[in-house]
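Have a look at the structure below before the remarks.
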Amino acid sequence: MFLLCLLSGLFNAIVTAFDNGIVRFIGKSAPESVKVDSLTTALVYLSLGGTVGVATQFVTSNFFGKRISADFTGIKLFTGQAQKAACFSGFLSAAAMMFYLWGSQLADPSVTTVLSNVTVVYLLGYDALTKHVKLRWLWLPALLILGGAVLTAWNNEARFDATMLGLGVLLIGRGVPLALSQVVNQGGVRQASDPVNYAFQRFYWLAIWGVILGFFVSVSRGALGAWLGLLRAAFWPALPWIVALMFFVTFANAFEMAARKQSQASIVSLLLVVQVVFVFVITVAGDWLWSGIFGALPDSHLVWFGRFAGAGVVTAGAFLVRHYQARATGT
């Protein structure tokens, strides 16, 4: 389970960087005749990414599925509680993704990843209340991981545009539905035939709900024309990047679902916070290869020292979770 979380964290970090770069790229693709804002851009990427992603993931899941899970025998429709869970989780994930893509345009990937990981706190509370985990085992690693994550993303020069809006978008707008979806996923994946199939069908529903959200939210804001115009303008320029992204999404989702099949939601989410370390490295490397792809990065040595230190604290917390889990299960 620990290795599955590390692998999922690595692929999720790559996905986060891709998401941050692509949503900014889409925003810049708008023709002068189409006036768009950051929320419209997020809705376009949600709709476009989901639609293209279903076709791409069908191919990648069938090709790599057996390598991820020995139980995988091909993409097939399942029914019952697992399908209901995938549908409901898809809706919650689409809502969370809408807020996440909105917030991704306000800061670089390392900052948005940290703020998004507040779901750990929600899930710890849920698992403690339902007595699925012993809170006395997790409070210290939780403090280490969350504290290290904040330190990693701290930036004394950051101007998170409309700070309270940014915090609300990621801490509440994304955090609450994402935490609920992870609880739903834990039950759903355990009733499915294998984690690869469940991950694909959850994404299938995410794509459907993403298009529905994109349409109705745009209509409610009087921005349907802008949504449709940006969809047309961004489709071909963004298509190769989205196809490349979905290769990594297949592995990120499948490894995460495999981990959730084996352990409680809060423990898996605590370990997945290690993606902050990976995102930090990818952000720096990505900006070095393509300057400005994630917006302006800080140039303060103190900020970068804090990020290195925070990465070490996050790693220590993740290994502490692994230690407690090994002690509890004897593995």
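The values are calculated or read from the model by the stated rules, or taken from the named source; none is laboratory data. What you see is a predicted model; the values in this text were computed from it and never measured. Heads up, the Cβs are rebuilt from the backbone with ideal geometry, glycines too, and the neighbour counts pull from every protein chain shown.
Taking every residue in segment 21-36 that is within 20 Å of Val279 (Cβ to Cβ) and of a type in the set (Gly, Ala, Ser) and pairing it with any residue that is at pLDDT 85 or above and assigned to a helix (DSSP H, G or I), at least 6 positions away or on another chain, the pairs with Cβ-Cβ distances below 8 Å are Gly21/Trp241. Residue by residue through segment 281-303, note down the ones that are over 22 Å from the mean Cα position of the chain (by Cα), within 18 Å of Leu151 (Cβ to Cβ) and modelled with pLDDT of 75 or more. Ser300, His301, Leu302, Val303 - these are the residues of segment 281-303 that are over 22 Å from the mean Cα position of the chain (by Cα), within 18 Å of Leu151 (Cβ to Cβ) and modelled with pLDDT of 75 or more.
Within segment 41-57, no residue that is at positive phi and basic (Lys, Arg) sits with its Cβ atom under 8 Å from a residue that is surrounded by fewer than 23 Cβ atoms within 10 Å (Cβ to Cβ) and outside any helix (DSSP H, G or I) at 6+ positions apart or across chains.
In the condition set (1) part of a helix (DSSP H, G or I); (2) under 24 Å from Pro141 (Cα atoms), Ser263 is compliant with all but (1).
If we scan segment 148-169, do we find a residue that is assigned to a helix (DSSP H, G or I) and at pLDDT 75 or above? No, the conditions are met nowhere in segment 148-169. Screening segment 1-55 for residues that are closer than 24 Å to Asp287 by Cα and among the hydroxyl-bearing types (Ser, Thr, Tyr) and picking the one that is farthest from the chain's Cα centre (by Cα) gives Ser29. Taking the numbered list (1) in a loop (DSSP other than H, G, I, E, B); (2) among the hydrophobic types (A, V, I, L, M, F, W, C); (3) at pLDDT 90 or above; (4) under 30 Å from Leu228 (Cα atoms) in turn, Cys87 passes all entries but (1).
A single member of Ala254, Ala223 is within 15 Å of the chain's Cα centre (by Cα), surrounded by 17 or more Cβ atoms within 10 Å (Cβ to Cβ), modelled with pLDDT of 80 or more and not basic (Lys, Arg), and it is Ala254.
Restricted to segment 47-77, and to residues there that are among the polar types (S, T, N, Q) and in a helix (DSSP H, G or I), the residue that is surrounded by the fewest Cβ atoms within 10 Å (Cβ to Cβ) is Asn62.
Conditions (1) of a type in the set (D, E, K, R); (2) more than 30 Å from Gly74 (Cβ to Cβ); (3) without any contact (Cβ under 8 Å) to a residue 60 or more places away in the chain, marked per residue:
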| position | (1), (2), (3) |
| --- | --- |
| Arg232 | yes, yes, yes |
| Trp236 | no, yes, yes |
| Trp241 | no, no, no |
| Phe248 | no, no, no |
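Within segment 78-87, being touching a helix residue (DSSP H, G or I) at 6+ places or on another chain (Cβ under 6 Å) and either within 14 Å of Phe200 (Cα to Cα) or surrounded by 23 or more Cβ atoms within 10 Å (Cβ to Cβ) (or both) holds for Ala82, Ala85, Ala86, Cys87.
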